[in-house]
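What follows is a short report on a single structure.
The values are calculated or read from the model by the stated rules, or taken from the named source; none is laboratory data. Note that this is a predicted model, so its numbers are computed, not measured. Using ideal geometry, Cβ is built from the backbone for each residue, glycine included, and neighbour counts are taken over all protein chains shown. With ligands, DNA and RNA removed, areas are computed over all heavy atoms of the protein, side chains included. Shrake-Rupley method; radii C 1.70, N 1.55, O 1.52, S 1.80 Å.
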Amino acid sequence: MSRLTPPSSSSEGGPGRADAAVPDGGAGEAPGEDLQALTARIAVDFGADAATLAAVAAMFAEVRDRAPDLFVPVAGVLGTALAEAASAGTEEAAAPLYAALGEWALDAEAEPIERMRRDCLRFQGAMTRGALRLHAGDPERCAARLLALQRFNFLQLALLAALAARSQEEGGVVRTLPTPEYAAFMEIFRTTIEAHRQEGKQLGLLLIQVAKVEQVDRLLGLQRGEAFMLRVTRRMREGVLRRQDQLGRVSRDQFACLLPRIAGEGVAILAANKVLAALEAPIPIGERSFAPDAVIGVAVFPDHGGDPQTLVRNGKLAVRAAREAADRVAVYEAAHGESEELTQRYEARLRAALEESALAVAFEPQLDLASGAISGLEGSLRWSDRELGEVSETRAVETAEHAGLTRELTWWFFMNALRQCAEFARGGLDLPVGLKVAASGLAQPDFPEFIDRALRTWGVPAERLTVEIHESALAGPVEQVRATLERLKSLGVKLAVDGFGTGASAVASLARLPLDEMKLAAEFVSDMRRVPLHAKIVRSLALLARNLDLRVTAEGVADAETALALSTLGCHRVQGTHVGPPLAPREVLARCVAR
């Protein structure tokens with residue numbers, strides 16, 4: 001019998017029972033309902049009853065909605081069950097979650113049990129931090145959440161122990177990771193460097209970043225993401241690497257490969273290109289396939305560093321440069337470090353701003369040309385940092401993309417802008433608002449669901465919100481973009497294309513999308529009375545919008561003459577210095593309510 005002894009607890013009937021064991025009767029059970037029953041029996045031992053599961057599901061939803069920076073996705077079937085259980089009654093939460101846990105545990109047959117164990121702990125850690133942050137003012141509720149999370153974690157670990165016992169009873173071997181993790185790899189790296197130092201030889205380092213694993217994690221869960229990385233490993237080992245090459249993991253999405261005794265960086269570049277060729281074809285995961293989308297940074301001992309930490313750091317700097325390179329490979333250069341230092345400074349300050357809620361939203365008024373009244377607002381992000389000064393919205397979005405904070409920044413902006421809209425309504429100002437989303441934010445698969453939650457959280461009617469999509473977001477696969485926009489449209493929000501004509505989107509793509517509005521870019525509007533070409537572009541875009549039954553809003557209007565010219569072209573609304581600058585929320589109420 002496989003036995004798992006959890007830490008002690010004073011809670012009666014909870015996981016403090018030192019004699020709690022994984023029932024051995026389930027080790028040889030068939031999958032499906034039998035495994036669900038096994039899960040339920042183990043749950044009794046660990047006090048994970050229906051109320052416990054409902055509390056865990058509620059915490060899962062709370063962290064996802066209110067603390068997205070802490071959110072850690074879980075395996076697809078389990079994540080879906082937790083999300084559904086969050087809105088179900090206490091009793092209704094149990095059976096679907098037991099079934100999902102059983103199906104999740106079966107993945108240990110195909111995935112390394114040790115990896116699944118670590119993911120359990122990672123999930124518990126994230127939810128625990130969420131409970132402490134969100135319920136710090138309610139000690140009783142916080143303690144109940146923490147106890148539920150602990151019991152749920154013990155239940156997961158016990159299921160994995162049952163799978164391990166079954167594997168051993170059937171003569172199998174419980175699999176471990178095929179490549180060493182960071183600490184073990186760095187020790188291998190250190191000893192390899194010392195050998196090369198004594199021999200006077202060069203050692204190549206490839207830092208291989210697999211960007212697509214983040215998407216697999218998000219869509220299918222961490223276990224499927226790890227399966228994806230295991231298959232990437234297999235591709236490299238079987239198709240490219242020599243027996244003497246050492247492969248290790250230095251982060252969730254990065255491998256490091258040591259190339260012993262090379263004859264210069266040219267050999268390392270050749271190896272990097274072979275790795276990229278091997279990773280070109282998509283990798284199947286379940287019913288879907290994902291291309292690894294890899295880039296590689298190259299560093300060489302001793303030219304680019306004399307110790308493992310320096311070489312890995314410089315390899316990561318080269319990875320950043322590789323993202324911009326046409327062939328997706330870059331060799332470390334000293335200049336990478338200089339630009340990286342500034343980039344890291346921006347990233348650190350943005351993380352601090354998000355944690356401290358030190359960002360702000362400004363609102364630019366929009367004038368209705370027919371009535372002469374303020375008829376809408378456009379929200380924009382404001383970041384004033386004590387070290388960096390005023391940071392532009394464009395730089396903030398770019399920093400978030402580099403730092404992997406796109407989701408957090410997008411969520412913060414929309415949540416706080418809609419909260420402010422609710423305050424405007426309570427103050428007597430009930431105007432529609434437009435909020436821009438970057439291409440990377442629109443690409444988040446749960447963006448429409450988030451918008452729905454945010455609208456309901458603050459009680460803002462969906463028809464009062466216009467989601468503004470920059471033209472660059474339309475440059476991707478049009479079917480994927482259209483599906484996202486249709487999901488947004490089904491909520492009742494309005495959709496606008498911003499900056500059309502400044503990029504390379506096709507008119508045919510525009511016509512296929514469920515849009516309500518076109519915004520004319522300030523770079524054409526601001527000087528249309530002085531630059532004939534810009535005047536022609538504005539006229540053409542306004543005509544296109546009318547033919548597509550889109551409302552037209554013009555940005556960058558500086559004077560009454562430009563506003564009048566736009567009115568004759570069929571433009572509905574204008575914004576810019578002629579109407580007024582972006583305003584802080586208190587200034588919006590003072591100006592607009594007074595009118």
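Across the stretch 188-216, the qualifying residues are those that are among the polar types (S, T, N, Q) and in a helix (DSSP H, G or I), and the one among them that is farthest from the chain's Cα centre (by Cα) is 198.
Hey, among 472, 490, 509, which residue is modelled with pLDDT of 75 or more and surrounded by fewer than 19 Cβ atoms within 10 Å (Cβ to Cβ)? Write out each step before concluding.
Values: 472 fails: modelled with pLDDT of 75 or more; 509 fails: modelled with pLDDT of 75 or more.
Unique residue meeting the criteria: 490.
Take the conditions touching a residue at least 40 places away in the same chain (Cβ under 8 Å), farther than 14 Å from residue 275 by Cβ and open to solvent by less than 60 Å² (accessible area, probe 1.4 Å) and apply them to residue 308. Does it pass? Spelling it out, residue 308 is indeed touching a residue at least 40 places away in the same chain (Cβ under 8 Å), farther than 14 Å from residue 275 by Cβ and open to solvent by less than 60 Å² (accessible area, probe 1.4 Å). Screening 220, 205 for residues that are surrounded by 23 or more Cβ atoms within 10 Å (Cβ to Cβ) and more than 19 Å from residue 280 (Cα to Cα) leaves exactly one candidate, 205.
Look at residue 229 and say whether it is open to solvent by less than 10 Å² (accessible area, probe 1.4 Å), under 27 Å from the mean Cα position of the chain (by Cα) and free of Cβ contacts under 8 Å to residues at least 40 places away in the same chain. Walk me through it before giving the result.
Working: open to solvent by less than 10 Å² (accessible area, probe 1.4 Å): yes; under 27 Å from the mean Cα position of the chain (by Cα): yes; free of Cβ contacts under 8 Å to residues at least 40 places away in the same chain: yes.
It is true that residue 229 is open to solvent by less than 10 Å² (accessible area, probe 1.4 Å), under 27 Å from the mean Cα position of the chain (by Cα) and free of Cβ contacts under 8 Å to residues at least 40 places away in the same chain.
Looking across the stretch 580-595, the residues that are open to solvent by 60 Å² or more (accessible area, probe 1.4 Å) and among the aliphatic types (A, V, I, L, M) come down to 590, 593, 594. Scanning the stretch 279-308 for residues that are aromatic (Phe, Trp, Tyr) and at pLDDT below 90 yields a single hit, 290.
Show me the helices (runs of 4 or more DSSP H) entirely contained within the stretch 480-593 in which 3 or more residues are within 30 Å of residue 426 (Cα to Cα). Even if it seems obvious, please write down each step before you answer.
Details: elements: 507-511, 522-525, 532-547, 560-568, 585-592.
Passing ranges, in order: 585-592.
Quick check: anything in the stretch 258-279 buried (at least 16 other Cβ atoms within 10 Å of the Cβ) and either part of a loop (DSSP other than H, G, I, E, B) or aromatic (Phe, Trp, Tyr) (or both)? Looking for residues that are buried (at least 16 other Cβ atoms within 10 Å of the Cβ) and either part of a loop (DSSP other than H, G, I, E, B) or aromatic (Phe, Trp, Tyr) (or both), one finds at least one in the stretch 258-279, hence yes.
Condition test on residue 525, is it closer than 21 Å to residue 379 by Cβ, crowded, with 22+ Cβ neighbours inside 10 Å and without any contact (Cβ under 8 Å) to a residue 60 or more places away in the chain? Break it down stepwise before answering.
Values: closer than 21 Å to residue 379 by Cβ: yes; crowded, with 22+ Cβ neighbours inside 10 Å: yes; without any contact (Cβ under 8 Å) to a residue 60 or more places away in the chain: yes.
Yes.
Being within 35 Å of the chain's Cα centre (by Cα), open to solvent by less than 60 Å² (accessible area, probe 1.4 Å) and not polar (S, T, N, Q) is the filter here; which residues of the stretch 545-579 pass it? Before you say what the answer is, go through the steps one by one.
In the first step, residues of the stretch 545-579 are kept if they are within 35 Å of the chain's Cα centre (by Cα); the result is 545, 548-556, 573-576.
Of the ones still in play, those that are also open to solvent by less than 60 Å² (accessible area, probe 1.4 Å) are 545, 548, 550, 552-556, 573-576.
Once the filter is applied, which keeps residues that are within 35 Å of the chain's Cα centre (by Cα), open to solvent by less than 60 Å² (accessible area, probe 1.4 Å) and not polar (S, T, N, Q), the stretch 545-579 yields 545, 548, 550, 552, 554, 555, 556, 573, 574, 576.
Scanning the stretch 384-418 for residues that are surrounded by 15 or more Cβ atoms within 10 Å (Cβ to Cβ), farther than 30 Å from residue 209 by Cα and free of Cβ contacts under 8 Å to residues at least 40 places away in the same chain gives a single hit, 385. The residue that is surrounded by the fewest Cβ atoms within 10 Å (Cβ to Cβ), counting only those in the stretch 232-257 that are in contact (Cβ under 8 Å) with a residue 12 or more places away in the chain and acidic (Asp, Glu), is 245.
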